[in-house]
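Below is one structure, written out as structure tokens, with a few remarks after it.
The values are calculated or read from the model by the stated rules, or taken from the named source; none is laboratory data. This structure is a prediction, so every number in the text was calculated from the model and none was measured. As a convention, Cβ positions derive from the backbone with ideal geometry for all residues, glycine included, and neighbour counts pool all protein chains shown.
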């Protein structure tokens, strides 16, 4: 018996057997769930149907409260209910002093950390939802007072709660869908590929992130690309120009397809007028500079694209700056297009 | 007397556990525990003040923009910076979009599914309510997710995305829109309004906001359109289950005032207590640590001088939540408080008759959806394209500021002290910190703890459904509470 009255029943999808998904939250803000239920075409619940996934329990969506949840967890522990997919949203909290008491599981009197570790060992696949669950994230910021860590990584170092050698029962490592928050489609497309049985280790990058979104850079598809090409930079927020030179944008180095698939319709950080702060990367929560400022050495931004010789970049930048069209130069420091492209000549009618 | 521990409470944002003393078929005492500590106030110490705009939204995934707005207001206050008119309007629109989406999500996904619980299976209204509102499987959940997602396109357009935008700044907003942008936002609002009028209210928004008394509401709910609407269904349930007598709280209400425009608030600022309206004095806010797991000694302090040092072994502690008090008193915050302080006649009448309770809290939230959507339409039209949306300025190295705003769930305050260009102290008092606070040094329980007293326990119930209704009527956000 499950929290919703169905045990391993066939859902309305196409799979042979409903896969059970259990969702837990710990040291985080719940924002990944709120982002996930912004999924469109299909919406999140329909996506679960398509994937043949039965939601055993989700803290924001399910009917069951404690007295109904605890027996279901007991069924999972005893193997009476199979745990096909475990999703953790939020970091694992280990403090104070390794006790886990900064997050006790409500109604159970035990550290949430222990439940997460136990269920991870039982799950066919384990998914870290968001940068907190993947790497520690904002919950681990500052001096990390709460001793927060990711499931299988602590920052960029493999390890975390479960250890570098952890494999779920399927043989796969923890799938790290990083992002603060996650894009709904990153989660939906991972779940669908798992359900269709064609998602393997090879689909993950070195940090355990699905390559389908992590092999792009935020820079790809950025609507400010022309400004970037000419190093025509915004001087302050709300200017149209490139945000890299002065305003801290890390989009040329950050792994994600934010400017290709877009958010809440047609948004993204850079389209919203503010820089990429590298929220899909481990350690984004502990920058050594202010987020809205580009650190520079001798006037040159220190965070240049990683796969290009610096000298070339500097030379090209100097050249393109010198060649910047008046239109691009003036628009870069304006909030609206003040110099439109010159009218096209078109082709004369014969 | 038996003591029961109920939790985790789901369909609230974050983690919640409540201990109940039960005797004679009702709740005699309640202790609200927020079992997760995250330490944002410690994280912020020593940071560049502008970085508060990166960290504080991540306190909460559902009140993310509200946290941004409070941080931006605190920093703007510290620099004495005024955002240009367009920036102000955009801040209001973005904050309003979050509040409306939150009220909407709360009603359909968090609150109503409790009426589809098996314990109500014998009730004459059960089948229809379960078919529409059952968690996950009900028709409403399937219907509203696309509506909510389409409405939040406003965030994609104006703020990059939601949650966790950097688009709200002390000097305004970072993305200027033109006339085409204006009409696109208006079109999204119209489409959302259509859903509200078809399904949530069964009537025009103007008719909803014009309801002037409890009697008018009852008569309205009998009309064919409204009667078949989701609010109409709730009003029938409220009558059948006595929700107007359930979960009465302190009947002292606070609103910081919501949606500032041209020096005034759309929804007024003030305190409603002993049946009358009083001025709000921010200096009267204190946070008491007597029942929190925080280092002693405990002396209630104003948040601008607040201290947050966790201590899991603190004597007398039972939660990670502090206990904010106004002039030493417990107050309730939220849509009900906001609409009451603003003097909306329907809400004033409901509170005069039955105080704050499960029904009046929910009605106020839905009324507010209608009022805010109408206001949003006006703000969007008032944007002047090609005028500035953003003003740049530098923060003085030593300064102090307070950002007092209204989030969906109620009064949210940020207090920041900057020294040598770095954050010396940052304190946050969130709406649910007010509503779900524990006992203070005088032993006075918090607003929800008070509201739970007298909740009926049906035969055989381990986790009383009445308790579920009362707790969720506050729309608690526990991740904000414990930040």
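Suppose we keep only residues that are facing another protein chain (nearest Cβ under 9 Å) and under 16 Å from residue A:42 (Cα atoms) within region B:117-143. Which one would you say is surrounded by the most Cβ atoms within 10 Å (Cβ to Cβ)? Break it down into steps so the answer makes sense when it comes.
Kept after step one, since they are facing another protein chain (nearest Cβ under 9 Å), are these residues of region B:117-143: B:117-118, B:134-137, B:141-142.
Next cut, under 16 Å from residue A:42 (Cα atoms) only: B:136-137, B:141-142.
Values: B:136: 17, B:137: 18, B:141: 22, B:142: 14.
That would be B:141.
Looking at the structure I just gave you, is residue B:89 crowded, with 23+ Cβ neighbours inside 10 Å, farther than 30 Å from residue B:113 by Cα, within 14 Å of chain A (Cβ to nearest Cβ) and touching a helix residue (DSSP H, G or I) at 6+ places or on another chain (Cβ under 7 Å)? Spelling it out, it is not the case that residue B:89 is crowded, with 23+ Cβ neighbours inside 10 Å, farther than 30 Å from residue B:113 by Cα, within 14 Å of chain A (Cβ to nearest Cβ) and touching a helix residue (DSSP H, G or I) at 6+ places or on another chain (Cβ under 7 Å). With respect to the conditions (1) under 30 Å from residue B:141 (Cα atoms); (2) within 21 Å of the chain's Cα centre (by Cα); (3) without any contact (Cβ under 8 Å) to a residue 40 or more places away in the chain, residue B:265 lacks only one, and its number is (1). Look through region B:5-25, keep the residues that are touching a helix residue (DSSP H, G or I) at 6+ places or on another chain (Cβ under 9 Å) and assigned to a strand (DSSP E or B), and return whichever of them is surrounded by the most Cβ atoms within 10 Å (Cβ to Cβ). Only one residue fits best here, namely B:13. From the list A:181, A:275, the one residue that fits, being at pLDDT 95 or above, within 13 Å of the chain's Cα centre (by Cα) and crowded, with 23+ Cβ neighbours inside 10 Å, is A:181. Only one of the numbered conditions (1) in contact (Cβ under 8 Å) with a residue 40 or more places away in the chain; (2) closer than 30 Å to residue B:193 by Cβ; (3) out of contact with any strand residue (DSSP E or B) (no Cβ under 6 Å at 6 or more places or on another chain) is not met by residue B:423, and that is (2). Selection within region B:446-470: residues that are out of contact with any strand residue (DSSP E or B) (no Cβ under 7 Å at 6 or more places or on another chain) and under 30 Å from residue B:67 (Cα atoms). The member of this set that is farthest from the other protein chains (Cβ to nearest Cβ) is B:450. Does residue B:29 satisfy the criteria of being crowded, with 24+ Cβ neighbours inside 10 Å and modelled with pLDDT of 95 or more? The answer is no for residue B:29. Could you say which residue among A:134, A:117 is surrounded by fewer than 21 Cβ atoms within 10 Å (Cβ to Cβ) and either part of a helix (DSSP H, G or I) or at pLDDT 95 or above (or both)? Being surrounded by fewer than 21 Cβ atoms within 10 Å (Cβ to Cβ) and either part of a helix (DSSP H, G or I) or at pLDDT 95 or above (or both) holds for just one of A:134, A:117, which is A:117. Identification of helices (runs of 4 or more DSSP H) wholly contained in region B:53-139 with 1 or more residues that are within 28 Å of residue B:385 (Cα to Cα) yields B:64-79, B:85-105.
For residues that are surrounded by fewer than 24 Cβ atoms within 10 Å (Cβ to Cβ) and over 16 Å from the mean Cα position of the chain (by Cα), scanning just region B:402-417, find the one that is farthest from residue B:271 (Cα to Cα). For region B:402-417, the residue satisfying everything is B:417.
Pick from region A:137-160 the residues that are assigned to a loop (DSSP other than H, G, I, E, B) and in contact with a strand residue (DSSP E or B) (Cβ under 8 Å, 6 or more places away or on another chain): which of them is surrounded by the most Cβ atoms within 10 Å (Cβ to Cβ)? Give the derivation first.
The first filter runs over region A:137-160 and keeps only residues assigned to a loop (DSSP other than H, G, I, E, B), leaving A:141-147, A:150-152, A:155-156, A:159-160.
So of that shortlist, the ones also in contact with a strand residue (DSSP E or B) (Cβ under 8 Å, 6 or more places away or on another chain) come out as A:145-147, A:150-152, A:159-160.
Working: A:145: 22, A:146: 28, A:147: 21, A:150: 34, A:151: 32, A:152: 28, A:159: 15, A:160: 24.
Filtering first and then ranking leaves A:150.
Filtering region B:445-468 to residues that are in a helix (DSSP H, G or I) and more than 16 Å from the chain's Cα centre (by Cα) leaves B:449, B:450, B:451, B:452, B:465, B:466, B:467, B:468. Kindly indicate the residue of region B:144-172 that is part of a loop (DSSP other than H, G, I, E, B) and more than 7 Å from chain A (Cβ to nearest Cβ) and also surrounded by the most Cβ atoms within 10 Å (Cβ to Cβ) among those meeting that condition. For region B:144-172, the residue satisfying everything is B:170. Kindly evaluate residue A:49 against the criterion of being outside any loop (DSSP other than H, G, I, E, B), at pLDDT 95 or above, out of contact with any strand residue (DSSP E or B) (no Cβ under 6 Å at 6 or more places or on another chain) and away from chain B (no Cβ under 12 Å). Here the answer is no, as residue A:49 does not meet what is asked. Screening residue B:46 with (1) touching a residue at least 60 places away in the same chain (Cβ under 8 Å); (2) surrounded by fewer than 24 Cβ atoms within 10 Å (Cβ to Cβ); (3) facing chain A (nearest Cβ under 8 Å); (4) in a helix (DSSP H, G or I) gives one miss only, at (4). Note on region B:173-258: enclosed helices (runs of 4 or more DSSP H) holding 3 or more residues that are over 25 Å from residue B:65 (Cα atoms) are B:205-209, B:214-220, B:224-228, B:230-241. Pairing each residue of region A:298-323 that is farther than 11 Å from residue A:244 by Cβ with any residue that is part of a helix (DSSP H, G or I), provided the two are 6+ apart or on different chains, yields C-beta distances under 9 Å for A:300/A:310; A:300/A:313; A:300/A:314; A:300/A:317; A:308/A:316; A:320/A:229.
What is the number of the single condition among (1) more than 16 Å from residue A:225 (Cβ to Cβ); (2) within 14 Å of chain B (Cβ to nearest Cβ); (3) in contact with a helix residue (DSSP H, G or I) (Cβ under 9 Å, 6 or more places away or on another chain) that residue A:334 does not meet? Every condition holds for residue A:334 apart from (3).
Can you go through A:95, A:100 and tell me which one is at pLDDT 95 or above, within 11 Å of another protein chain (Cβ to nearest Cβ), on the phi > 0 side of the Ramachandran plot and not in a strand (DSSP E or B)? From the options A:95, A:100, the qualifying one is A:100.
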